[in-house]
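Engineer: Sharing a structure with you now.
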Amino acid sequence: MSKNSPNYTKKRQKAHSRGIRAEVTAAIWLNLKGYRVLQRRYKTPLGEIDLVVKRGKSIAFVEVKARQSRDEAAYAITERQKKRIEGAAKVFLGNHPHFSEYFCRFDAVLVAPMHLPTHITNAW
């Protein structure tokens, strides 16, 4: 399937919509756990962070993955993505120096049908 075919475009649009819904679900879940969402879809030249959340003196840079199972979602977070998110986190902290004293970590929220979201703290 070529990138210019209508089926490819529909497939990408569907995946994008599924990703947006998963991010909203993750943001609600984290909010219920006492986190405050600071940024959604934080874009930098180095990459994008799905969610930046804060609780107390901790900042978490969160990757959200939606798949048919939680295992599939967990395995979908690649080393390359981790590096891009880490680079984007450095940009975020550079642009928000008031968070420099906060404890920072990288979390993941795995979203699968018929299951509550799974929040993994310190995912990497």
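Engineer: Residues with amide H under 5 Å of Q39's amide H, sequence separation 5 or more or different chain, H placed in the peptide plane at 1.01 Å from N; which?
Structural biologist: V52
Engineer: Can you give me the long-range amide H partners of E63? Hydrogens built in the peptide plane at 1.01 Å from N, cutoff under 5 Å, separation of 5 or more residues or another chain.
Structural biologist: Answer set, sorted by chain and number: D107, A108, V109.
Engineer: Also, I was wondering about something else. Taking loop as defined by DSSP and a crowding limit of 13 other beta carbons within 10 Å, which trypsin sites (Lys or Arg not before Pro) in the range 3-63 fit?
Structural biologist: K3, K33, K57
Engineer: With only alpha-carbon atoms in the gyration tensor, what are the semi-axes of the equivalent ellipsoid for the chain, in Å, largest first?
Structural biologist: Largest first, the chain gives 26, 18, 12 Å.
Engineer: Further, regarding this structure: Whole-Å semi-axes of the range 60-124's equivalent ellipsoid, largest first, each the root of 5 times a Cα gyration tensor eigenvalue?
Structural biologist: They are 25, 12, 8 Å, listed from largest to smallest.
Engineer: On a 0 to 90 degree scale, rounded to 10, what angle separates helix 79-95 from the longest Cα axis of the chain?
Structural biologist: Taking Cα atoms only, the helix is inclined about 40 degrees.
Engineer: Taking the Cα centre of the range 9-124 as origin, work out the dipole magnitude from +1 charges on Lys and Arg Cβ and -1 charges on Asp and Glu Cβ, in debye rounded to 20.
Structural biologist: 400
Engineer: Name the residues whose placed amide hydrogens come within less than 5 Å of the amide hydrogen of C104, ignoring near sequence neighbours (fewer than 5 apart) on the same chain.
Structural biologist: Excluding prolines and chain starts, which carry no amide H, the hits are I59.
Engineer: What list do you get for V24, V64 if you sort them by fewest beta carbons within 10 Å?
Structural biologist: Lowest count first: V24, V64.
Rule-based calculations on the coordinates, nothing more; no lab input. Everything quoted here is computed from the prediction, not taken from an experiment. Counting neighbours? That spans all protein chains shown, and the Cβs are built from the backbone with ideal geometry, glycine included.
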